[in-house]
1. Looking at segment A:55-85, which of its residues are under 10 Å from the mean Cα position of the chain (by Cα) and over 16 Å from residue B:42 (Cβ atoms)?
2. Name the single residue, out of those in segment A:97-120 being surrounded by 15 or more Cβ atoms within 10 Å (Cβ to Cβ) and either on the phi > 0 side of the Ramachandran plot or free of Cβ contacts under 8 Å to residues at least 40 places away in the same chain (or both), that is farthest from the chain's Cα centre (by Cα).
3. For segment B:41-51, name all the residues that are more than 7 Å from chain A (Cβ to nearest Cβ), buried (at least 16 other Cβ atoms within 10 Å of the Cβ) and not in a strand (DSSP E or B).
4. I'd like the residue in segment B:98-125 that is buried (at least 16 other Cβ atoms within 10 Å of the Cβ) and not in a strand (DSSP E or B) and, out of all such residues, is farthest from the other protein chains (Cβ to nearest Cβ).
5. Working only within segment A:98-120, note down all residues that are touching a Lys or Arg at 6+ places or on another chain (Cβ under 6 Å) and either within 20 Å of residue A:70 (Cα to Cα) or modelled with pLDDT of 95 or more (or both).
6. Can you name every residue in segment A:46-94 that is within 24 Å of residue B:40 (Cβ to Cβ) and small (Gly, Ala, Ser)?
7. Just for segment B:52-69: of the residues that are modelled with pLDDT of 85 or more and closer than 14 Å to residue B:20 by Cβ, which one is nearest to the other protein chains (Cβ to nearest Cβ)?
8. Is it the case that segment A:86-95 has a residue that's loosely packed, with under 13 Cβ neighbours inside 10 Å and of a type in the set (A, V, I, L, M)?
Amino acid sequence: MLMTLTTLNRPSLWTSRAFGEFGDLQDEINRLLDEPLAELHGEFFTGWAPPMDLVEDADNLVATLEVPGLKKEDIQVRVEDGVLSISGERKQDEKLEKAQAHRTERFYGKFHRAICLPKPVKVDAVKATYRDGVLTVTMPKTEEAKPKQIEVRMG
Amino acid sequence: MNTQVKTERHHGTGLEEPKYMVPKVDIFETGDEYLLQADMPGVGKDGIQISLDSNELTIVGHRTASREKAAASCTYLHRESAPVNFRRAFVLDPIIDTNRITAEMDQGVLTVHLPKAEKVKPRLIPVTD
């Protein structure tokens with residue numbers, strides 16, 4: 001269990017701009033890294049690892065996930081034991097099921113991503129919004145986790 | 001179906017030119033039209049630019065400006081997204097009626113309707129005496 005969680009908090013090897021054009025390679029790497037987690041959940045992971053970012057500002061940790069074309073009700077967000085977990089499913093448009101497909105590069109089906117949060121957050125105050133195909137999860141940091149200015153006194 | 005996809009590759013330093021990512025697309029065909037769907041997360045309706053030059057359709061999705069502005073005030077702890085815009089070009093089949101092309105954007109998915117010209121639509125041929 002602990003082993004699996006440590007793999008989630010992997011270093012950001014692929015943040016360099018030089019890798020910007022290798023979206024497919026990155027997808028593949030994300031998929032490989034996430035597979036042990038899917039086994040933990042007892043379901044076979046079929047291969048969509050949407051890109052996730054995690055940023056920090058003075059008050060919040062903010063995670064964003066690029067998951068275009070979903071319905072709001074098909075996204076689940078959970079924060080538990082210091083792990084943010086996002087899962088969901090993209091469904092094929094029923095009207096197009098009978099249409100002839102000439103090119104199918106986009107992914108349909110389930111996805112699951114999780115990331116260890118490096119700082120404690122107020123679980124009750126977490127908010128998630130979905131706009132332009134990007135899910136944004138805003139997690140306010142607890143008071144203890146916020147940076148503090150220490151006043152220096154004359155001795 | 002000749003709706004050929006042009007994938008552009010960048011060579012050289014690339015410093016003088018903005019970088020683009022190729023969006024993933026699906027192309028479907030129904031009786032009346034071709035339907036092109038492209039994944040462009042983070043691109044709003046205002047960030048989309050579709051141009052047609054003779055029979056070459058180019059779609060561009062801008063998303064970097066707002067993102068970089070938002071990112072300026074915070075620190076990246078983990079980053080997988082690429083800080084680039086989207087661009088892809090398609091060579092359209094001559095049977096597409098380019099005057100009636102329409103497009104819509106919904107939650108990061110661009111849908112382009114490419115109607116077939118009236119003369120190529122499937123139709124019943126009446127039998128005359």
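1. Residues satisfying the conditions are A:77, A:84, A:85.
2. A:99
3. The one that is more than 7 Å from chain A (Cβ to nearest Cβ), buried (at least 16 other Cβ atoms within 10 Å of the Cβ) and not in a strand (DSSP E or B): B:47.
4. Among those residues, the one meeting the criterion is B:101.
5. Our first condition is that a residue be touching a Lys or Arg at 6+ places or on another chain (Cβ under 6 Å); within segment A:98-120, this holds for A:105-106, A:108, A:119.
Answer for segment A:98-120, where residues must be touching a Lys or Arg at 6+ places or on another chain (Cβ under 6 Å) and either within 20 Å of residue A:70 (Cα to Cα) or modelled with pLDDT of 95 or more (or both): A:105, A:106, A:108.
6. Once the filter is applied, which keeps residues that are within 24 Å of residue B:40 (Cβ to Cβ) and small (Gly, Ala, Ser), segment A:46-94 yields A:47, A:49, A:63, A:69, A:87, A:88.
7. B:63
8. So far as segment A:86-95 goes, no, none of its residues is loosely packed, with under 13 Cβ neighbours inside 10 Å and of a type in the set (A, V, I, L, M).
The values are calculated or read from the model by the stated rules, or taken from the named source; none is laboratory data. Just so we're clear, the structure is a prediction, and the values are computed from it rather than from any experiment. Here Cβ is always computed from backbone atoms with ideal geometry, including for glycine, and neighbour counts include all displayed protein chains.
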